[in-house]
Amino acid sequence: MVVPLSRMCEGEMGKIRKLELPPLTRERLCGLGFVSGEEIQLVKVAPFGDPKVFRIKGTDITLREDISMWILVETSSVPLSYATNGEYFVSIINGGMGFRERLRMVGIEVGKKITVTGNIGKRIEINANGILSALSRGQAMRIIVRER
Amino acid sequence: MENHRDEIESRKSTIALLGNPNVGKTSIFNALTGSRQVVANWPGVTVEKRAGVMKHHSHTVDVVDLPGTYTLGATSLDEKIARDFLVNEKPGVAMVIGDAVNLERSLYLLLQVLELRGDVVLAVNSVDEARKAGFEIDKNELSKQLGIPVVLTSAVTGEGIEELKNTLVKSTKSSSHVHYLFSDEVEAHLRDLSERIRGNPSLAGFDERWLSIKLLERDYEVQKITGITLDYDFSVEIAETRYKYIKRILSTSVKGKEKIGWNFSEAIDHVMTHRFLGILIFLAVMYIIFQLTFTISGPLSIMIEELLGGLGRAFGGFIGVDWLRSLVVEGIIGGVGAVLVFVPNIFILFLALGILEETGYLPRAAFVIDRPMYAMKLSGRSFISMLLGFGCNVSSIMSTRSISEPKERIVTILVSPFISCSARLPVYVLIAGTFFGSRAGVVIFFLYVLSIVITVLSALLINKLFFKGEPSTLIMELPRYRKPRLSSIILYTWNKGRHFLEKAGTIILGASVVIWFLSYFPSEGAGSFAAIIGKSLEPLFIPLGYTWEMITSLVFGIAAKEVIVSSLTTFFGNLSVSGSSLGAIRTLITPEVALSFLVFVLLYVPCMPTLAVIKNETGSYKYVLFSVFYSLAVAYIVALIVRIVGGLL
Ligand SMILES: Nc1nc2c(ncn2[C@@H]2O[C@H](COP(=O)(O)OP(=O)(O)OP(=O)(O)O)[C@@H](O)[C@H]2O)c(=O)[nH]1
Ligand SMILES: [Mg+2]
């Protein structure tokens, strides 16, 4: 799936495809490692939703939406709330200890395999190693999964 | 004789220090030359070239520290300085400093330099940190692959510095020039372009291949000097080729562990840039700095005050001549002393700023605060510059060089004088202490808040007036957190604080003598020249209610804001931080006039050095004039409002 960098979720990883930016900005970004094929991760979102910190080549770079929306990335991970029925690996859980703990109780942990059995309306139904659970859309937004 | 010739010869070759921002160029420069330039943990500290001399055995070589840059296609002013030095001044040796923890990106710049010229040395700095992070760098392999000398260094532990010096004095002779190949298509274009360039005698001093590569990257400056503009663009492909080449080199020369779990930086960052806590932490940090500046320094200031008082009495005791006693005791010791009392405040302020800069927190604060800045069409980057303004507006304006957006830079320059610099602090403490006693802290805090409010409003207005609100960008690297080292902090504090002492010994001393003279002749008090100056301007200040002494001190305060303190002291007799005296002024004006005076001091005309640097950095008197008249108008209006509102309360 190719999306603008600005659309990635916290913690999500992708591979840069293309920079649709004016030459000077592109040149500057090239010097920082923004070239196609490079792995990039959204690490952090600022208090007011913008700018965001991206990790590329081991360093953290801040970009605003006005730039990150013109950088296209290929990503195989999606927020769980967008996942259609099928098998996935949990790659990131954005949330505090409490949230993680609650998810652990229903078998949802980073690195574990889960199956989406239903994604309609406000609820997403999950089968994690035999444990059935249902998450709200908001909760599912904070869980990033990778396709098998 | 032999030795002598050798020295002259080696002096001709200059070593230029290049590298990405924040890799430790200035730290290495200090280590090589024994200089004490300020280093700090954020990208964009050095914004001008600085020369020093490295002495090694019988060699004496000039070393030039340059601003950091990610590529040679400079986009901001500081990057242009680095690039122009490299391209036009053709230093004998180009030393590229890389970051051992992030070698890949450092080598990208190195390759660009290698495309341009030979005689390149690579110093891989911060090896101490790389080892801790579990990287092992094989410098011989790296050197073999790149075809240039490579030294592993740490400016912190001193590792590799001797070796670097040896390598540098040796390499002033070699002339290897490394080439690597791009795709066939690009190479074919490069051959064609080189052919065209070779036909142009005015370009003889440049490397043809380099010019050709830059043309394919559509480099603006190179298009200008060659007069060639191509309608195709290979910059993406060229950049990708460079990175591929780098990956190949690193695959054999660097061994690193896979990173597991959270590291130190990430854990701290999680809190510092947290969605809710981030802003709170920032405000708390600012408040703590504010508190430290006033509380810790209090007792120290009183000590200095007593010391100076004793000195004054001692001199007063044995100088028989009336006017001379007055000059020494009231003019010099009183005038300069009134400012010296604030040495502790100012050093502690710089100490706090130094810690802030050394830890790497500053860019995080910029990140957290960027969104509100965006509303003013500024960015977190300009916020860093403004924050430095709490120390000194001059260094704040200088630091705007690394803002890549020219308009954003101008707006930042024009509004930063409203940031309350350390030189204004003595005035606040003195007047607020005299009139508001235990509530002085609140008054000073109000002034700082007002300073920020006016800065924000002015940014909005100037944007509307001149630039029709064009947005800026924010492409900023967040450095690794570092434990501030005592030596760097002391160096930082001394470097910045020293300036204050120098001012005390020069401008303030001079102004104190002049003011004493003006207030003593032809007759002391209301008949003096000082009174004539003040009284001639008095009609303008009737609405504000300032006395001629206050007006005269404002006039002289344009030289340096601290002078306001020395002149008030001369006019009203001994003032004191402990709030014990200053009787005369208390009977003359009311507290709301005093507050309005403080507001005026905060906002009115920037000091001379600031005006000079505005001229220098914007290249235009237009902005200087704007700054003078705009700030005068703002000061007058706000001071008037404060007086009126204060009078009603
Ligand atoms: N651990 C470690 N820290 C270093 C080393 N060299 C520099 N530093 C730190 O890195 C930071 C940046 O150092 P500077 O010398 O200011 O870097 P610079 O390349 O001149 O930076 P700019 O002028 O902003 O481009 C400072 O906090 C230094 O203390 C090193 O070898 N090891
Ligand atoms: Mg520097």
Just to verify a result, which residue in the range B:14-29, among those that are closer than 22 Å to B:SER404 by Cα and outside any loop (DSSP other than H, G, I, E, B), is farthest from ligand 1 (Cβ to nearest atom)? B:LEU18
Among the residues of the range B:405-432, count how many are within 16 Å of the chain's Cα centre (by Cα), of a type in the set (Val, Ile, Thr) and either buried (at least 24 other Cβ atoms within 10 Å of the Cβ) or not assigned by TED's automatic domain parsing to the domain that holds B:ILE304 (or both). 3
Suppose we filter the range B:122-139 for residues that are of a type outside the set (Gly, Ala, Ser), within 17 Å of B:LEU250 (Cα to Cα) and within 16 Å of ligand 1 (Cβ to nearest atom); how many remain? 8
Cβ pairs under 6 Å, 6+ apart, first in the range B:13-33 and touching a residue at least 40 places away in the same chain (Cβ under 8 Å) and open to solvent by less than 10 Å² (accessible area, probe 1.4 Å), second among the basic types (Lys, Arg) and near ligand 1 (Cβ under 7 Å from one of its atoms): B:LEU17/B:LYS25; B:GLY19/B:LYS25
Candidates B:ARG209, B:ARG196 - the one that is surrounded by 13 or more Cβ atoms within 10 Å (Cβ to Cβ), part of a helix (DSSP H, G or I), more than 40 Å from the chain's Cα centre (by Cα) and among the basic types (Lys, Arg): B:ARG196
Selection within the range B:505-540 - of a type in the set (Phe, Trp, Tyr) and buried (at least 19 other Cβ atoms within 10 Å of the Cβ): B:TRP516, B:TYR520
Need at least 2 residues that are crowded, with 16+ Cβ neighbours inside 10 Å and within 29 Å of the chain's Cα centre (by Cα) per element, so show me which helices (runs of 4 or more DSSP H) inside the range B:214-320 make the cut, counting only ones lying wholly within it. B:264-272, B:277-295, B:297-318
Filter the range A:36-46 down to the residues that are more than 7 Å from chain B (Cβ to nearest Cβ) and in contact with a Gly (Cβ under 8 Å, 6 or more places away or on another chain) and list them by number. A:GLU39, A:ILE40, A:GLN41, A:LEU42, A:VAL43
Determine whether the range B:150-157 contains at least one residue that is assigned to a strand (DSSP E or B) and modelled with pLDDT under 90. no
Does B:ASP99 fit the bill of being within 16 Å of ligand 1 (Cβ to nearest atom) and open to solvent by 10 Å² or more (accessible area, probe 1.4 Å)? yes
When the range B:217-241 is examined, which residues are found to be more than 10 Å from chain A (Cβ to nearest Cβ) and either in contact with a Cys (Cβ under 6 Å, 6 or more places away or on another chain) or aromatic (Phe, Trp, Tyr) (or both)? B:TYR232, B:PHE234
So A:ASP60 clears everything in (1) part of a strand (DSSP E or B); (2) open to solvent by 30 Å² or more (accessible area, probe 1.4 Å); (3) acidic (Asp, Glu) except one condition, right? Which one? (2)
Residue by residue through the range B:49-72, note down the ones that are in a loop (DSSP other than H, G, I, E, B) and either more than 10 Å from ligand 2 (Cβ to nearest atom) or among the hydroxyl-bearing types (Ser, Thr, Tyr) (or both). B:LYS49, B:HIS57, B:SER58, B:THR69, B:TYR70, B:THR71, B:LEU72
Would you check if A:VAL45 is under 22 Å from A:GLN139 (Cβ atoms) and either touching a residue at least 12 places away in the same chain (Cβ under 8 Å) or buried (at least 23 other Cβ atoms within 10 Å of the Cβ) (or both)? yes
Options B:LEU72, B:LEU86, B:LEU107, B:LEU152: the member that is closer than 20 Å to B:THR252 by Cα, outside the structural domain of B:LYS224 (by TED's automatic domain parsing) and touching a Leu at 6+ places or on another chain (Cβ under 8 Å): B:LEU107
Just to be sure before I move on: is B:LEU142 open to solvent by less than 10 Å² (accessible area, probe 1.4 Å), within 22 Å of A:ARG28 (Cβ to Cβ), more than 14 Å from ligand 1 (Cβ to nearest atom) and in a helix (DSSP H, G or I) in the structure I sent? no
Give the range B:30-49 a look and list any residue that's more than 14 Å from every other protein chain (Cβ to nearest Cβ) and near ligand 1 (Cβ under 7 Å from one of its atoms), or say none. B:VAL39, B:ALA40, B:VAL45, B:THR46
Checking the structure you have, find out if any residue of the range B:468-485 is in a helix (DSSP H, G or I) and either within 14 Å of chain A (Cβ to nearest Cβ) or away from ligand 2 (no atom under 16 Å from the Cβ) (or both). no
For the range B:492-579, give me every one of the helices (runs of 4 or more DSSP H) that falls completely inside it and has 1 or more residues that are modelled with pLDDT under 85. B:509-520, B:562-572
A:PHE54 being more than 9 Å from chain B (Cβ to nearest Cβ), open to solvent by 10 Å² or more (accessible area, probe 1.4 Å) and aromatic (Phe, Trp, Tyr): no
So in the range B:73-97, with the set limited to residues that are within 14 Å of chain A (Cβ to nearest Cβ) and among the polar types (S, T, N, Q), which one is nearest to ligand 2 (Cβ to nearest atom)? B:SER76
Going through (1) open to solvent by less than 20 Å² (accessible area, probe 1.4 Å); (2) assigned to a helix (DSSP H, G or I) one by one, B:ILE333 fails only at (1)
If B:THR359 satisfies all but one of (1) surrounded by fewer than 19 Cβ atoms within 10 Å (Cβ to Cβ); (2) out of contact with any helix residue (DSSP H, G or I) (no Cβ under 7 Å at 6 or more places or on another chain); (3) more than 30 Å from B:GLY433 (Cα to Cα), what's the number of the condition it fails? (1)
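Residue by residue, here is whether (1) more than 14 Å from every other protein chain (Cβ to nearest Cβ); (2) among the aromatic types (Phe, Trp, Tyr); (3) not in a strand (DSSP E or B) holds:
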| residue | (1), (2), (3) |
| --- | --- |
| A:VAL3 | yes, no, no |
| A:ARG28 | no, no, yes |
| A:PHE34 | no, yes, yes |
| A:PHE48 | no, yes, yes |
| A:ASP66 | no, no, yes |
| A:GLU109 | yes, no, yes |
Within the range B:66-96, of all residues that are at pLDDT 90 or above and among the small types (Gly, Ala, Ser), the one surrounded by the most Cβ atoms within 10 Å (Cβ to Cβ) is B:ALA82
When you check A:ARG102 against the structure, is it more than 13 Å from chain B (Cβ to nearest Cβ) and either open to solvent by 20 Å² or more (accessible area, probe 1.4 Å) or not in a loop (DSSP other than H, G, I, E, B) (or both), yes or no? yes
Exactly one of B:SER382, B:SER458, B:SER402 is of a type in the set (Ser, Thr, Tyr) and more than 20 Å from the chain's Cα centre (by Cα), and that one is B:SER458
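The values are calculated or read from the model by the stated rules, or taken from the named source; none is laboratory data. Note that the coordinates shown come from a computational prediction; the quantities given were computed from them, not determined experimentally. No Cβ is skipped: glycine too gets one built from the backbone with ideal geometry, and neighbour counts run over all protein chains shown. The area values use the complete protein model at the heavy-atom level, side chains included, leaving out ligands, DNA and RNA. Shrake-Rupley method; radii C 1.70, N 1.55, O 1.52, S 1.80 Å.
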